[in-house]
Each structure stands twice: as C-alpha cells, then as structure tokens.
Amino acid sequence: MRTKCQIKRQKILDIAEETFRELGFEGASMGEISARVGGSKATLYNYFSSKEELLFEIVFSTIEAEFETTHALLANVTGDLVSVLVAFGEGLLHSLYTPPSAIKVRRLIFAESRRSNLGKICYEHGVQRSHAQLSRFLREAMQQGKLRETDPDVAAWHLYGLLDSTLLRRCLLCVQDSVSDEEIQTAVRQAVAVFMAGYGAPD
C-alpha cells in the first residue's frame, strides 16, 4: 500500500505532466504547477528541488522498469557476450526511441540544456548511472578474456556511440519522428559487430 507521501508525489507528477504538455517546459513554472496541485510552492519543493528535476522524474518514470530490466542483463558476464550486448542494446534503444514522446523529450532536453541544468540532471541520474553499469560489465568481460584489455570506460562510451550512430542525428534534427523495432534491431546488430571488431579478444 502506498503511503500518503507516495500518493502526493504521484499526484504532483501527474499534474506536472499535464502542465508541461499544455504550457511547454519554459511556460510551466513551479508556481503554476503548485497552484494546480493545490498547496504552497514550498510543499512542491519538498518533493522536487527544481522544475528540471520534476521533468526528469516524469520522463524516467515511464521507462524506469525497462531501464532496470535492460541493465539487469549486464549481470550475466558468464553468458555469450554478443547475445548480451545485443539484448542490452535493443532494450536501451527501445527505451530511448519507441515510447510515444521519447524522441520529442530528447529534443527538449538538448534544447533546454543551454538554458537550464536539465541536461546535467539527465546526465547525472541517467547517463552516468547507465555508463557505470556498462563499464563494469565490460571490465569483467575483459578480465575473463572475452574482450581485449583496455579502458572499459572508453569502451562503454564507444558502444553507446555506435548504438546511437544511425538514429540520433536523424531524430534530433527532425528528419525522423519514429523508430521501428526493425530499425532498432538493425542498428544494434551493426553496432555490436563493429564494437566486437574493435574490442574483441584476439584469437
């Protein structure tokens, strides 16, 4: 059973999401959100320290379960490496590109990052968290001789870059507004193949 705090927090998230959709990120102030929730602005700040943090929580709540499931795959270092990387890549790209508002939200984050700390919040709570888990997985794979020994942090960034390479620019520059499962599968297969060609352990 959810506590009163959890119920209140979810109510704030629901009303804030409606407000962002109606007024946009710039137009939706914390004052406006608190007025719609009912209560003081101080109460709202007790739950969320900023409008940027509030938007991040709204976005992440829609993909949190998938995020956890996808990154749980990285616990399986003893399995087939390519299969794990493909499954991880497909899960990651699915959460980034296929929810109805995912691409629009990524565009918003990039656009707002120069005017606020929204990008920093997303980086610290999303990107860095994911990178730490992937880097640890790659380090263990290197220790087991499945990948050549090198800097796992750099290898993780390279894998992210490869996974996003055929989709990111088209989507951010509004050339493409949706991504199919087939496109994701193709992008992941190509990315993992190139990654293994560069980082695979020599025979």
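The values are calculated or read from the model by the stated rules, or taken from the named source; none is laboratory data. These numbers come from a predicted model, not from an experiment. Cβ atoms come from the backbone with ideal geometry, glycine included; neighbour counts cover every protein chain shown. To get the accessible areas, we keep the full protein, side chains included, count just its heavy atoms, and leave off ligands, DNA and RNA. Shrake-Rupley method; radii C 1.70, N 1.55, O 1.52, S 1.80 Å.
When only C-alpha pairs under 8 Å and at least 6 residues apart count, what is the relative contact order of the range 1-120, in percent?
In percent, rounded to a whole number, it is 19.
For the range 89-203, with only Lys/Arg (+1) and Asp/Glu (-1) charged at the beta-carbon, what is the dipole magnitude about the Cα centre, in debye rounded to 20?
Around 460 debye, computed over the range 89-203.
Loop only by DSSP, 14 or fewer other Cβ within 10 Å of the Cβ. Give me the trypsin sites (Lys or Arg not before Pro) in the range 84-119 that pass, ordered by residue number.
114, 115
Starting at 0 and stepping by 5 Å, how many percent of the alpha carbon pairs of the range 84-140 end up in each bin?
4, 16, 20, 24, 18, 11, 5, 1
Per residue of the chain, what 222 nm ellipticity follows from adding -39500 (n - 2.57) for every DSSP H run with n ≥ 4, rounded to the nearest 500?
The helix contribution divided over the chain gives -23000 deg cm²/dmol.
Once you charge only the Cβ atoms, +1 for Lys and Arg and -1 for Asp and Glu, what is the size of the charge dipole of the range 1-139 about its Cα centre, to the nearest 20 debye?
I would put it at about 360 debye.
What length, rounded to one decimal in nm, is gained on full extension from residue 80 through to residue 3, with 0.36 nm per residue of separation minus their alpha-carbon distance?
This chain segment gains 23.5 nm when fully extended.
Leaving out ligands and nucleic acids, note down the accessible area per residue over the chain with a 1.4 angstrom probe, in whole Å².
Each residue of the chain exposes 55 Å² on average to a 1.4 Å probe.
Set the Förster distance to 45 Å, then compute FRET efficiency between residue 166 and residue 14 from the Cβ-Cβ distance, nearest 0.05.
0.80
In sequence order, what are the phi-derived ³J(HN,Hα) couplings for the range 83-94 according to the Karplus relation 6.51 cos²θ - 1.76 cosθ + 1.60 with θ = phi - 60°, rounded to whole Hz, with x for glycine and proline?
Per-residue couplings from phi come out as 4, 5, 5, 5, 5, 5, x, 5, x, 5, 5, 4 Hz.
Modelled label-to-label distance, residue 53 and residue 203, 7 Å Cα→beta-carbon offset: nm?
Taking the two extended label points, one gets 5.5 nm.
Taking the Cβ of residue 26 as the centre, find all other residues whose Cβ is under 12 Å away and add up their charges (Lys, Arg: +1; Asp, Glu: -1).
Residues near residue 26 contribute -1 overall.
Which value, to two decimals, describes the C-alpha radius of gyration of the range 12-109 once divided by 2.2 N^0.38 Å?
Expressed relative to 2.2 N^0.38 Å, the Cα Rg reads 1.37.
Project the alpha carbons of the range 42-92 onto their principal axes and report the range along each, largest first, in whole Å.
51, 17, 13
Send over the semi-axes of the range 110-203's equivalent ellipsoid, whole angstrom and largest first, taken as the square roots of 5 times the C-alpha gyration tensor eigenvalues.
In descending order, the three semi-axes are 27, 19, 9 Å.
Report the relative contact order of the chain, percent, no decimals, based on alpha-carbon pairs under 8 angstrom and at least 6 residues apart.
With pairs under 8 Å counted, the relative contact order is 19 percent.
Which of the aspartates and glutamates could be linked to residue 120 by a straight reach, that is with a Cα gap under 16 Å, when you skip same-chain ones fewer than 8 residues away?
52, 53, 57, 112
Specify which residue in the list 105, 131, 197 is farthest towards the positive end of the charge dipole of the range 52-198, using unit charges on the beta carbon of Lys, Arg (+1) and Asp, Glu (-1), about the Cα centre.
197
Enumerate by residue number the GluC sites (Glu not before Pro) in the range 83-163 meeting two conditions: DSSP loop (anything except H, G, I, E, B), and at most 13 other Cβ atoms within 10 Å of the site's Cβ.
Loop-located and lightly packed - 149.
Ignoring ligands, DNA and RNA, how do 69, 186 rank by accessible area with a 1.4 Å probe, largest first?
Solvent-accessible surface, decreasing: 69, 186.
Taking 0.36 nm per residue of separation and subtracting the Cα-Cα distance, what length does fully extending residue 148 through residue 136 add?
2.9 nm
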